[in-house]
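Working notes, beginning with the structure itself.
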Amino acid sequence: MKSILGQIQRLFQTALVQLLGQQGRSVDPLIRPAADDRFGDYQSNVAMSLAKQLKQKPRDVAQRLVDLITPLAAALCEPFEIAGPGFINIRLRNEWLAINLNAVPPAEACDRLGIEPADPQTVVVDYSSPNVAKQMHVGHLRSTIIGDTFARMLEFEGHQVIRQNHVGDWGKQFGMLIAYLKEKMPAALDGSSTVHLADLEQFYREANAKASEDPAFQDKARAEVVALHGGHPATLRAWQYFVDESRNHYMPVYGRLGVKLTTADERGESFYNDRLPGVVADLNREFGAPDTSPQPRPGVHEPHITVIESDGALCIFHWLPSGEPMFKSPEGKPFPFIIRKSDGAYLYATTDLAAVRFRIRDLGADRIIYVTDARQAQHFEMLFSTVRAAGWTRRSGKPEVQLEHASFGSILGEDRKPLKTRSGENIRLSDLLDEAVNRAANLIRANEADPNKKRGFTEAEINDIAQAVGIGAVKYADLSQNRQSDYVFIWDKMLALEGNTAPYLMYAYARIRSIYRKGAESSGDLTGGRITLTEPAERVLARAILRFAETIESAAAGLRINLLTEYLYEVAGLFMKFYESCPVLGAPTPEQRASRLRLCDLTARTLAVGLDLLGIRTVERM
Ligand code: ARG
């Protein structure tokens with residue numbers, strides 16, 4: 001099944017071709033959900049935009065379109081209405097909604113709700129990407145869960161998704177750590193004594209302090225970086241040990257979060273080491289300029305780059321068609337993208353250039369999405385404009401590779417400052433998750449102690465539900481935000497059973513499933529029941545269920561997860577209204593009962609698939 005929006009669009013497209021010839025193919029029929037149910041379900045605004053071009057009154061254009069579509073649309077909608085300046089109002093027929101719902105096949109292991117896959121693209125999603133030798137803190141939560149949801153949504157759409165964990169495993173922190181440990185605890189370097197990540201972190205802090213007051217130590221640290229990048233065996237062994245230790249820390253965090261990253265998705269900065277000299281040499285060969293001070297190439301009237309060597313460092317400068325610099329320092333000078341330092345060291349930027357090239361040429365990416373916080377916005381702007389100017393995104397016979405920085409805001413404490421512990425430290429992600437689960441367990445235990453609310457859960461059930469609800473609540477509170485905004489982290493709000501929260505949706509799911517189970521117990525197999533829509537509350541619920549496909553489509557295209565969460569919240573709310581006004585188990589006829597039970601089933605499946613795309617586990621009872 002195509003989305004409803006897609007089916008309506010197709011009809012309009014056919015009519016537009018009849019009206020305008022081949023040119024009609026490229027006209028967007030501008031179909032939107034109606035703002036108010038009184039105007040129907042969808043509306044098209046295309047007549048207004050065509051009127052000028054056709055030199056006709058918008059209402060006349062609307063009428064001509066309506067005359068062309070009406071014979072095609074008889075099964076789909078009631079007679080069209082033309083309203084106001086030339087809106088075409090579309091009211092779907094109840095029978096057509098029911099046909100589409102009845103066509104949804106029974107759930108399979110990987111439920112698609114009967115939705116057709118899109119034309120597949122290869123999409124690389126770069127997310128999580130923690131830095132080695134440091135524990136993950138709340139700052140890594142957002143990239144990890146937002147990126148994982150993108151990956152899941154795109155996979156659901158039918159795309160080939162390649163997850164990349166661009167682990168920070170190659171930077172100067174290793175030089176410091178190794179130099180420091182050589183002095184302080186050499187046994188830690190060959191693995192003959194165990195050091196945990198928390199110790200490494202402490203050593204790293206101490207090493208940093210030492211470096212800031214001891215230039216000789218700085219030199220040693222630099223020498224260790226050179227040894228590492230040059231592949232010196234002892235240094236490499238120590239490095240490997242740190243990397244493994246860090247992985248032992250973050251893999252279980254992914255497990256708890258229900259994040260699908262595996263060690264096979266790990267392609268850290270170190271992977272690109274061998275490719276860096278080649279990338280830099282290629283850019284220098286093609287775009288190197290003889291100038292010593294940055295200037296645009298004469299006579300070039302499109303965005304371009306120049307590569308300039310200054311004090312041994314290689315810098316990329318970006319130019320607008322006007323010859324103005326694209327990026328400027330606060331003093332208004334052209335601002336460089338540095339790809340090699342004067343001591344010959346490569347940088348974060350260099351690795352990212354090598355990584356884009358690898359993703360396009362070796363992984364075959366059509367689209368690359370980077371999930372990091374907004375502070376890296378300038379880095380990615382410079383990266384993308386370098387790559388585009390270098391021509392790496394152009395492919396013959398295919399559209400240009402899409403590069404996107406999906407940035408996000410900060411998590412704030414109730415004091416509106418970045419979330420920290422009471423003593424002002426970064427909150428460790430694993431501590432935050434422990435607290436979430438504990439709080440959820442306490443809420444369930446409080447209910448169990450109340451005779452009116454007691455459900456009789458076993459200890460094992462309480463623990464299982466607390467895991468699902470606690471982690472789900474933290475994830476949902478984050479994913480339901482507009483990702484670019486900062487948001488305030490409030491335990492009570494995210495764990496509440498009311499409002500747009502994970503517990504509310506999970507509870508709605510469990511409740512609907514229990515209604516369905518009761519129905520199935522007394523009527524046996526329900527999968528053959530036909531849906532018929534008579535009551536208004538049935539109709540709006542049915543329409544909402546059918547809008548899942550188009551919701552995922554726009555959430556995945558615009559990388560806006562909150563469209564999905566708002567949708568799920570709406571579906572759960574419409575179900576509650578339906579359940580209040582339309583008796584299900586006590587429906588007047590067996591046919592109506594079967595029809596309504598199927599609506600229950602489809603609602604529960606929609607919620608389950610939606611929550612699964614957010615990486616949130618549902619439970620059958622809570
Ligand atoms: N490790 C980096 C950090 O913690 C994030 C890397 C993001 N990905 C990339 N290709 N630059 O800030």
_Between a residue in the range 375-388 that is under 13 Å from R357 (Cβ atoms) and any residue that is of a type in the set (D, E) and within 12 Å of the ligand (Cβ to nearest atom), which pairs come within a Cβ distance under 7 Å, given they are 6 or more apart or on different chains?_
L383/D352
*Among L497, L533, L564, which is open to solvent by 60 Å² or more (accessible area, probe 1.4 Å) and among the aliphatic types (A, V, I, L, M)?*
L497
*For the range 134-151, state whether one or more residues are out of contact with any His (no Cβ under 9 Å at 6 or more places or on another chain), in a strand (DSSP E or B) and β-branched (V, I, T).*
no
*asked:* List the helices (runs of 4 or more DSSP H) inside the range 188-284, counting only whole elements, that have at least 1 residues being in contact with a Lys or Arg (Cβ under 6 Å, 6 or more places away or on another chain) and free of Cβ contacts under 8 Å to residues at least 40 places away in the same chain.
replied: 215-229
*Can you name every residue in the range 389-408 that is aromatic (F, W, Y) and without any contact (Cβ under 8 Å) to a residue 60 or more places away in the chain?*
W392
*Report, by residue number, each residue of the range 17-56 that is aliphatic (A, V, I, L, M) and under 18 Å from P79 (Cα atoms).*
I31, A34, V46, A47
*Complete set of residues in the range 455-483 that are open to solvent by 50 Å² or more (accessible area, probe 1.4 Å) and either modelled with pLDDT under 95 or closer than 30 Å to L412 by Cβ (or both)*: R455, Q467, Q481, N482
*Looking at the range 526-533, is at least one residue among the basic types (K, R) and within 23 Å of T144 (Cβ to Cβ)?*
no
*Search the range 258-290 for residues being open to solvent by 50 Å² or more (accessible area, probe 1.4 Å) and among the charged types (D, E, K, R), and hand back the single one that is nearest to the ligand (Cβ to nearest atom).*
R267
_Output for the range 433-452, where each listed residue is surrounded by 12 or more Cβ atoms within 10 Å (Cβ to Cβ), acidic (D, E) and more than 26 Å from the chain's Cα centre (by Cα)_ = E448
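Based on what the data block shows, is E461 in a loop (DSSP other than H, G, I, E, B) and either out of contact with any strand residue (DSSP E or B) (no Cβ under 8 Å at 6 or more places or on another chain) or among the polar types (S, T, N, Q) (or both)?
no
Confirm whether I99 is part of a strand (DSSP E or B) and open to solvent by 10 Å² or more (accessible area, probe 1.4 Å). Write out each step before concluding.
Working: part of a strand (DSSP E or B): no; open to solvent by 10 Å² or more (accessible area, probe 1.4 Å): yes.
No; evaluated as a whole, the condition is false for this residue.
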*Within the range 308-347, how many residues are crowded, with 16+ Cβ neighbours inside 10 Å, over 24 Å from Q173 (Cα atoms) and over 34 Å from the mean Cα position of the chain (by Cα)?*
2
*Check the range 310-320 and report whether any residue there is at pLDDT below 95 and in contact with a strand residue (DSSP E or B) (Cβ under 9 Å, 6 or more places away or on another chain).*
yes
_Quick check on the range 120-135. Is at least one of its residues open to solvent by 30 Å² or more (accessible area, probe 1.4 Å), more than 16 Å from the ligand (Cβ to nearest atom) and over 25 Å from L347 (Cβ atoms)?_
yes
*Filtered residues of the range 538-547 (kept if part of a helix (DSSP H, G or I) and either among the charged types (D, E, K, R) or farther than 10 Å from I4 by Cβ (or both))*: E538, R539, V540, L541, A542, R543, A544, I545
_Please count how many residues of the range 376-397 are modelled with pLDDT under 95 and either within 16 Å of the ligand (Cβ to nearest atom) or within 20 Å of P303 (Cβ to Cβ) (or both)._
1
_Only listed residue being out of contact with any Phe, Trp or Tyr (no Cβ under 8 Å at 6 or more places or on another chain), within 28 Å of N102 (Cα to Cα) and of a type in the set (A, V, I, L, M, F, W, C), chosen from F39, F80_ = F80
*asked:* Tell me which helices (runs of 4 or more DSSP H) are completely within the range 1-78 and hold 1 or more residues being open to solvent by 70 Å² or more (accessible area, probe 1.4 Å) and under 30 Å from D111 (Cβ atoms), or say none if there are none.
replied: 4-20
*Are there any pairs with C-beta distances below 7 angstrom linking a residue in the range 157-180 that is among the acidic types (D, E) and open to solvent by 20 Å² or more (accessible area, probe 1.4 Å) to a residue that is away from the ligand (no atom under 11 Å from the Cβ) and not in a loop (DSSP other than H, G, I, E, B), with the two at least 6 apart or on different chains, and if so which?*
E157/I552; E157/A556
_Selection status of V371, within 11 Å of the ligand (Cβ to nearest atom), among the β-branched types (V, I, T) and open to solvent by less than 20 Å² (accessible area, probe 1.4 Å)_ = yes
*Within the range 330-360, track down each residue that is outside any loop (DSSP other than H, G, I, E, B) and away from the ligand (no atom under 16 Å from the Cβ).*
P334, R340
*asked:* Just to be sure before I move on: is S554 surrounded by fewer than 20 Cβ atoms within 10 Å (Cβ to Cβ) and either closer than 25 Å to Q484 by Cα or touching a residue at least 40 places away in the same chain (Cβ under 8 Å) (or both) in the structure I sent?
replied: yes
_Residue tally, condition in a loop (DSSP other than H, G, I, E, B) and over 30 Å from V124 (Cβ atoms), over the range 403-426_ = 11
*Can we say E400 is among the acidic types (D, E) and either at pLDDT below 95 or in a loop (DSSP other than H, G, I, E, B) (or both)?*
yes
_Scope the range 402-425; condition closer than 19 Å to T372 by Cβ and open to solvent by less than 30 Å² (accessible area, probe 1.4 Å); matching residues_ = L403, A406, S407, F408, G409, I411, L412, L419
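Name the residue that is farthest from S407 (Cα to Cα), counting only residues in the range 136-156 that are more than 14 Å from the ligand (Cβ to nearest atom) and open to solvent by less than 30 Å² (accessible area, probe 1.4 Å).
F156
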*In the range 573-622, which residues are farther than 11 Å from I512 by Cβ, within 28 Å of the chain's Cα centre (by Cα) and open to solvent by less than 20 Å² (accessible area, probe 1.4 Å)?*
V609, G610, L611, L613, L614, G615, I616, V619
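The values are calculated or read from the model by the stated rules, or taken from the named source; none is laboratory data. Just so it is clear, the model here is predicted, and its values are computed rather than measured. Positions of Cβ are backbone-derived with ideal geometry, glycine not excepted, and every protein chain shown enters the neighbour counts. Only protein heavy atoms, including side chains, enter the accessible area calculation; ligands, DNA and RNA are left aside. Shrake-Rupley method; radii C 1.70, N 1.55, O 1.52, S 1.80 Å.
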